[in-house]
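The values are calculated or read from the model by the stated rules, or taken from the named source; none is laboratory data. Just so it is clear, the structure is predicted and the values come from calculations on it, not from any experiment. Using ideal geometry, Cβ is built from the backbone for each residue, glycine included, and neighbour counts are taken over all protein chains shown.
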Amino acid sequence: MAWKRTIGRVAFINCEPLFHDLDPSWKVLPAPPSWLTGHLLRRDCIIAPIPAADYAKNSDELVLIPDLAISSKGEVGSVLVFGSVEISEMKTIALPSDSATSSTLLRHLISERGLKPSYVEMGPDLEGMLDMCDGCLLIGDRALESARAYPDLVRMDLGAEWLEVSGHPMVFGVFAARRDSNIADVRDAFTALIGRLTAFENDLRVREEVIQISSRKSSQTIERLERYFGEVINRIDPEDMVGLQLFLKDACGMSQDPAMAW
């Protein structure tokens, strides 16, 4: 029954505020976003952050955890389209194989512009993707690193574009649990994570430690990460929920409202 004391986490620094100094009685299962959906469904962990688009596909088996998310209220900084030409000139766009939400969102945003490029799914590598396609989508630490190394190739920040199109924040990742999980076990995991997030938000020492560790993990500067941890947010508030519901409806075709764990 070790899965009940295991929490999934995205293997990017955007989750660092939630997992820094987590009680060692918890086991952490790091994986790419889309992989975590499978881990959660297979009972490899009690809760996990999964792509919002994956929640839409599996909403009959999953419930959302309140208060926690991976979201942005504008620029997110780590969900980016790169290319040597403008979006309107891209005939082919490479999509990464490690995130369902970002790929679904990009398709939606591109269609909103009245454009119809071809999409190719491939491994998340900037040079390899751009060797084959006019543009490419990268997420997480790879997007941050590529933006640092090739700032002139950044063509779209999907968080900023979604805000412009919809008028609402974008929730890229949701924390979810299986519907049949014991609610006490789910609450225990939630309590552990929300405690660490609250410390990050309210204790300057903890925030500085998280940023220092994230800088070593990602090679980003302290200054960049100070901004980044204002762009990517691990809370979900009522305004974010409006954006999430709109994304689930318009981009994912989900008709019912999300089911919450409590």
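Numerical summary
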{"read-out": "The listed residue being under 20 Å from residue 72 (Cα atoms) and more than 16 Å from the chain's Cα centre (by Cα), out of 147, 143", "value": "147"}
{"read-out": "Residue match in the stretch 139-153 (condition: within 18 Å of residue 110 (Cα to Cα), in contact (Cβ under 8 Å) with a residue 12 or more places away in the chain and in contact with a helix residue (DSSP H, G or I) (Cβ under 8 Å, 6 or more places away or on another chain))", "value": "yes"}
{"read-out": "Boolean, residue 116 is surrounded by 15 or more Cβ atoms within 10 Å (Cβ to Cβ), out of contact with any His (no Cβ under 9 Å at 6 or more places or on another chain) and at pLDDT 95 or above", "value": "no"}
{"read-out": "Among the residues listed as 5, 9, 42, the single one being touching a helix residue (DSSP H, G or I) at 6+ places or on another chain (Cβ under 9 Å) and free of Cβ contacts under 8 Å to residues at least 12 places away in the same chain", "value": "42"}
{"read-out": "Selection count where residues are aliphatic (A, V, I, L, M) and under 21 Å from residue 138 (Cβ atoms), scope the stretch 61-84", "value": "6"}
{"read-out": "Out of 83, 8, 38, sole residue that is small (Gly, Ala, Ser), crowded, with 20+ Cβ neighbours inside 10 Å and not assigned by TED's automatic domain parsing to the domain that holds residue 130", "value": "8"}
{"read-out": "Subset tally (residues that are in a helix (DSSP H, G or I), out of contact with any helix residue (DSSP H, G or I) (no Cβ under 8 Å at 6 or more places or on another chain) and closer than 21 Å to residue 49 by Cα) for the stretch 202-256", "value": "8"}
{"read-out": "So residue 131, is it surrounded by fewer than 19 Cβ atoms within 10 Å (Cβ to Cβ) and in contact with a helix residue (DSSP H, G or I) (Cβ under 8 Å, 6 or more places away or on another chain)", "value": "no"}
{"read-out": "Search result, residues across the stretch 13-34 that are under 23 Å from residue 145 (Cα atoms) and crowded, with 16+ Cβ neighbours inside 10 Å", "value": "13, 14, 15, 16, 17, 18, 19, 20, 31, 32, 33, 34"}
{"read-out": "Test: residue in the stretch 26-34 that is farther than 24 Å from residue 215 by Cα, at pLDDT below 95 and not assigned by TED's automatic domain parsing to the domain that holds residue 162", "value": "yes"}
{"read-out": "Matching residues in the stretch 99-127 - criterion: being assigned to a helix (DSSP H, G or I) and free of Cβ contacts under 8 Å to residues at least 12 places away in the same chain", "value": "111, 127"}
{"read-out": "Residue 186 being assigned to a helix (DSSP H, G or I) and surrounded by 20 or more Cβ atoms within 10 Å (Cβ to Cβ)", "value": "yes"}
{"read-out": "Search result, residues across the stretch 71-102 that are among the hydrophobic types (A, V, I, L, M, F, W, C) and out of contact with any Pro (no Cβ under 6 Å at 6 or more places or on another chain)", "value": "76, 79, 80, 81, 82, 85, 87, 94, 95"}
{"read-out": "Test: residue in the stretch 214-232 that is surrounded by fewer than 21 Cβ atoms within 10 Å (Cβ to Cβ), farther than 22 Å from residue 78 by Cα and within 18 Å of the chain's Cα centre (by Cα)", "value": "no"}
{"read-out": "In the stretch 47-71, residue nearest to residue 170 (Cα to Cα) [restricted to those that are among the small types (Gly, Ala, Ser) and in contact with a Ser or Thr (Cβ under 9 Å, 6 or more places away or on another chain)]", "value": "52"}
{"read-out": "Flag if residue 154 is at pLDDT 95 or above, among the β-branched types (Val, Ile, Thr) and over 23 Å from residue 219 (Cβ atoms)", "value": "no"}
